[in-house]
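Engineer: Below is the structure I would like to discuss, written out as structure tokens.
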């Protein structure tokens, strides 16, 4: 993915095309058609997306579009240099190649064939905008370029999400400060045990957890099991090198959701967390309050 494409053809396309400004209706998602382009004009359409996550769907690709990803949340805006942008193409995405464009230089990110794998690919937004160019096809029918995107920081609550990193994620406990911040910012927070783990794919394993307390969750990540166990159950992903064995110990579990999948974040033993939280509560240094008593 480090190959740089730089030819007179690209210089011509970038410097002498007629740019057309186009904003999506909700600033998060965009859907357009290449049929609105006049091929001989070599239009490059500018698309501005200003949400932390959303999607793009380009029907019948012709010409090219430039996708400018911009954060609209205060947290992301404060850490602009640390923002990672990740895209996940649909497995039926085809009809174009995806590049990173900065100051007229293009760096290949995904070929048309690679998009069919549906894998997540990440880059820093400081590396440039997404330049999506239609591939050369005599028949553009049934060709749709489509992907989801997410913007995130390298904050502790996402450090276990392996797709953010280009190298294996080291398995190390979160610091006390990271644990306290994870409780405030994670998509879910609960107290429970690990029941079992199974290999999910080459990059991650899937852990089944049962939560005796569900302090917060985004959407319906965990379901109420009821019965004698009286717990919430669900599945979380962990990097393959951090595979967990079933244990009886209670853990405080935190994590985040990326592209519809739940990823484990900081997970200290519950007794350690309670000592940490009570001390921070008494000293007034906890970044937020949560009902754990």
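Values in this text are rule-based calculations from the coordinates and carry no lab data. Computed from a prediction, not measured in an experiment: that's the story for all the values here. FYI the Cβ positions are ideal-geometry reconstructions off the backbone, even for glycines, and counts take in every protein chain you see.
Engineer: For segment 273-287, list residues with backbone N below 16 Å from a point placed 7 Å from the Cα of residue 177 toward its Cβ?
Structural biologist: Output list for this probe position: 280, 285-287.
Engineer: What is the gain in length, in nm to one decimal, between residue 269 and residue 223 on full extension, counting 0.36 nm per residue of separation less the C-alpha to C-alpha distance?
Structural biologist: On the way: separation 46, 0.36 × 46 = 16.56 nm, distance 2.24 nm.
Extending this stretch completely gives an extra 14.3 nm.
Engineer: A follow-up question, please. Assuming 1.002 mPa s and 20 °C, estimate D for segment 79-149 with Stokes-Einstein, Rh taken as the Kirkwood radius over Cα pairs, in µm²/s.
Structural biologist: The Stokes-Einstein estimate is 169 µm²/s.
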